[in-house]
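Reading through the structure tokens given below for one structure.
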Amino acid sequence: MRRLAAVLALASVAGLAVPSAAQNVVRAGGPQSAPAQDIATLSDEFNGSALTGWTRFDQAFGWPDKFKTLDVGGVEPGLLRIEPHHSAWVRDLNAPFIFRDVVGDFDVRARVRAHGLNGDIPGGNWSLGGLMARVPNASTAASWSPRSENWHFITTGVGNNAGEQMIETKGTYNSYSSLKLRPAPTGWIELRLVRVGMALFALARPEGETRWQVRDRFYRMENSPRMQVGLIAYTHSVDVPQGPDNAEVANRTVNREAQVDMALDVDWIRFARPRPQVSRDWYHQVSANPLADPNLPEAAVLEALGD
């Protein structure tokens, strides 16, 4: 019976891949048109010599610059290099982040490599980089107040244990962060975030592999269709004692003297609309979005999201 249920679930969700007119009907208010934004134009192969069309989180909201290096094409043609100063994306803390504004559902992928400046693995611990999708809020450095951060990410690098390459997934709700760490190979890896209504998936595909791995599933009743989607990097310096962080102080301070050994290379980042399409009506989302089913087998998720 369990096998039959899994097969039926797979068949049901796979049907989202080619949405019918009925699937696009909002049950409580008539049809909704898809967002007009062509998010494929947000993609970047980093073939130039400067960032174009990206928003820097620090500059947009008045925070200090925690980029030790932000370079396009200087280290290597066609490569974005991000090196952060001591920083973190956790709870109320912020760190280097460049993003595009995305309205509606998305499927964003990036080919990245997190490493040390002289080795395959970042130095220290909590040195990671990858993709993040953040819910905008009205907070700036001038108007900041705690417990207003909401975002999800998938990153690669070193977590709690020095010398161990990991993938970290993290969800933050009103500045409460919950994370998962799982082993990962060093070198290039594709990371992916897919939003389908109130369901959001974090996936990874190491270099040389053909199959995506579902690394996390999130479900958030988020009414805003807009998210800030892009690239993050952060690192913990061995010169800084670990302990409770005062976000009011840490977010406004850049420790340029602390030694860090972390770089995130980005070959490309590509945006598209997700293959599954579901009604964006809130009640349909909480009652009938099949991708929000926590018991949905991974095979069904991968079939629905596509390659």
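The values are calculated or read from the model by the stated rules, or taken from the named source; none is laboratory data. Computed from a prediction, not measured in an experiment: that's the story for all the values here. Glycine also receives a Cβ, built like all others from the backbone with ideal geometry; neighbour counts cover every protein chain displayed. All accessible areas refer to the heavy atoms of the entire protein, side chains included, with ligands and DNA or RNA removed. Shrake-Rupley method; radii C 1.70, N 1.55, O 1.52, S 1.80 Å.
Brief remarks on what is shown
- Accessible surface of Arg109, taken over heavy atoms with a 1.4 Å probe and every protein chain present, rounds to 50 Å².
- The string of couplings for segment 50-57 from the Karplus curve (6.51, -1.76, 1.60, θ = phi - 60°) is 7, 6, 10, x, 9, 9, 8, 4 Hz, one whole number per residue in order, with x for Gly and Pro.
- Charge tally around Met227: other residues with Cβ under 11 Å, Lys/Arg +1 each, Asp/Glu -1 each, net +2.
- Candidate cross-link partners of Lys180 among the aspartates and glutamates, defined by an alpha-carbon separation under 14 Å and a same-chain spacing of 8 or more, comprise Glu168, Asp216.
- Lys, Arg +1 and Asp, Glu -1 on Cβ, resulting dipole of segment 56-183 about Cα centre, debye, nearest 20: 160 debye
- Each of Ala199, Leu42, Val72 was placed along the dipole of the chain (beta-carbon charges, centred on the mean Cα), and the one lying farthest toward the positive end is Ala199.
- Taking all protein chains as they are arranged and a probe of 1.4 Å, the heavy atoms of His236 leave approximately 40 Å² accessible to solvent.
- Prolate/oblate/rounded call for segment 195-241, Cα gyration tensor, a/c under 1.5 rounded: oblate
- Net charge dipole, the chain: roughly 900 debye, given to the nearest 20, about the Cα centre with Cβ charges of +1 for Lys and Arg and -1 for Asp and Glu.
- In sequence order, calculated HN-Hα J values of segment 275-286 (Karplus, 6.51, -1.76, 1.60; Hz; x Gly/Pro): 4, x, 10, 10, 4, 8, 4, 4, 6, 4, 4, 7
- For the chain: rounded, prolate or oblate by the Cα gyration tensor [a/c cutoff 1.5]: prolate
- When the Gaussian network model of the chain links Cα atoms closer than 10 Å, the mean-square fluctuations of Ser175, Ser287, Ser49 top out at Ser287.
- Given charges at Cβ of Lys, Arg, Asp, Glu: the chain dipole, positive-most of Pro276, Leu179, Ala60: Pro276
- Most positive-pole-ward Cα, Asn246, Tyr219, Asn94, against dipole of the chain from beta carbon charges: Tyr219
- For Val90, the solvent-accessible surface with a 1.4 Å probe is about 20 Å², rounded to the nearest 10.
- Global geometry of segment 53-123, whether rounded, prolate or oblate, following the gyration tensor of its Cα atoms and the 1.5 cut on a/c: oblate
- With Cα atoms defining each centre, segment 219-270 and segment 93-108 are spaced 13 Å apart in the structure.
- The HN-Hα couplings worked out from phi for segment 91-98 by the Karplus form 6.51 cos²θ - 1.76 cosθ + 1.60 (θ = phi - 60°) are 6, 8, 6, 10, 8, x, 7, 10 Hz, whole numbers, x standing for Gly and Pro.
- Each stretch of four or more DSSP H residues adds -39500 (n - 2.57); spread over every residue of the chain, this sum gives -3000 deg cm²/dmol at 222 nm.
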